[in-house]
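In what follows, a single structure is set out as structure tokens and then discussed.
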Amino acid sequence: MVVVAMLCSFRITAQEVRPLYQGAIPNVRSNTEQGMTDESSGGLIRRVIIPTVEIYLPEKEKSTGAAVVICPGGSYKVIVYQGEGVATAKEFARQGEAAFILKYRLPDDALLLDKKIGPIQDALQAIKLVRENAAQFGVDPTKVGIAGFSAGGHLASAVATHYDEGLIENTKHTNLRPYFQILVYPGISKQDSMTHLDSRKNLLGDHPSKDIIHRFSSEYQVDEETPPAYITHTADDNLVDVDNSIAYFEQLRHHKVPVELHIYPEGGHGFIFKRKNWMVPLMEWMKNSGWIK
């Protein structure tokens, strides 16, 4: 089902919710969808059965051609859909970028055959959907990026470093590499010294092997083809240590990947809810990087 609504107060052309998959959803246990529905309350999503993207398009005369798939966070336990998803999408659209809020499947052994890759599959499918429908959305397929917050920042970085592993069906050989990544207080690492333990447990289970921890620690997956990045964090974040962002920055820098890092001295985890102008330097980076004019 496609839902369309006008959002005149935010000067956004339209809002549409579209399912990610037209056919069978990959990596699901049999009979998962029968009698089960999404669970949400208070702007948080607690269970996802049918993953979707919610589409915010800018006014045509303001469109820059750039597009961003947005991955809200929530420790891989919930999705902070309103606060990190909708608010961010509206601001991107106001600035002229198409925004696609990803409602991804949360890791759950009862629903997924391999819960570790479920969110990544959905994020990759979102990139695929945007690229394959670029003309319809008024998007330049070479200006499609991904953004993520907290655990969603880990998800965005995982897409940026695992996009070529064949995790979803791609018969059209659509390019799944995001052209840029925007990471906001991201939980990049799953290593003991830096990880947010609840997020790691929710994604990887109680006792992940060293190999699994290494594979899902995005700082160790960086290479010269990893997309350029904008990273922002606070020094006093006591939930997701800023070392996550610093470690990823260092790996990108050493691999000659363009990267910009903004660390605010204070603000804690979720600082965007207090610092309303946090997207100003981000937009400047997008302009300087050539993603928008």
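The values are calculated or read from the model by the stated rules, or taken from the named source; none is laboratory data. Computed from a predicted model, the values in this text were never measured in an experiment. Note that each Cβ is placed from the backbone with ideal geometry, even for glycine, and that neighbours are counted across all protein chains shown.
What to note about this one:
- Elements of type helices (runs of 4 or more DSSP H) contained in the range 193-293, each with 2 or more residues being over 19 Å from the mean Cα position of the chain (by Cα) and closer than 30 Å to Gly65 by Cα: 243-254, 279-288
- Subset of the range 107-131 (residues that are touching a Gly at 6+ places or on another chain (Cβ under 9 Å), among the hydrophobic types (A, V, I, L, M, F, W, C) and surrounded by fewer than 24 Cβ atoms within 10 Å (Cβ to Cβ)): Leu111, Leu112
- Tally of residues being touching a Phe, Trp or Tyr at 6+ places or on another chain (Cβ under 6 Å) and over 18 Å from Lys190 (Cβ atoms) across the range 104-125: 1
- The condition of being more than 19 Å from Gly74 (Cα to Cα) and in a loop (DSSP other than H, G, I, E, B) does not hold for Asp109.
- Qualifying residue in the range 180-189 (condition: out of contact with any strand residue (DSSP E or B) (no Cβ under 8 Å at 6 or more places or on another chain) and surrounded by fewer than 20 Cβ atoms within 10 Å (Cβ to Cβ)): no
- Test: residue in the range 14-25 that is over 22 Å from the mean Cα position of the chain (by Cα), at pLDDT 80 or above and either among the small types (Gly, Ala, Ser) or surrounded by fewer than 20 Cβ atoms within 10 Å (Cβ to Cβ) (or both): yes
- Of the criteria (1) crowded, with 22+ Cβ neighbours inside 10 Å; (2) over 28 Å from Glu165 (Cα atoms), which one Val69 fails: (2)
Residues checked against (1) at pLDDT 95 or above; (2) assigned to a loop (DSSP other than H, G, I, E, B); (3) of a type in the set (A, V, I, L, M, F, W, C):
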site	(1), (2), (3)
Gln121	yes, no, no
Val130	yes, no, yes
Val139	yes, yes, yes
Ser157	yes, no, no
Thr161	yes, no, no
Lys172	yes, yes, no
Leu176	yes, yes, yes
Ile182	yes, no, yes
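- Scanning the range 65-105 for residues that are over 10 Å from the mean Cα position of the chain (by Cα), over 17 Å from Met283 (Cα atoms) and assigned to a strand (DSSP E or B) gives Ile79, Val80.
- Members of the range 59-107 that are touching a Ser or Thr at 6+ places or on another chain (Cβ under 7 Å) and within 15 Å of Trp278 (Cβ to Cβ): Ile70, Gly73
- Of the residues making up the range 100-123, just one is of a type in the set (Gly, Ala, Ser), in contact (Cβ under 8 Å) with a residue 60 or more places away in the chain and in contact with a strand residue (DSSP E or B) (Cβ under 9 Å, 6 or more places away or on another chain), namely Gly118.
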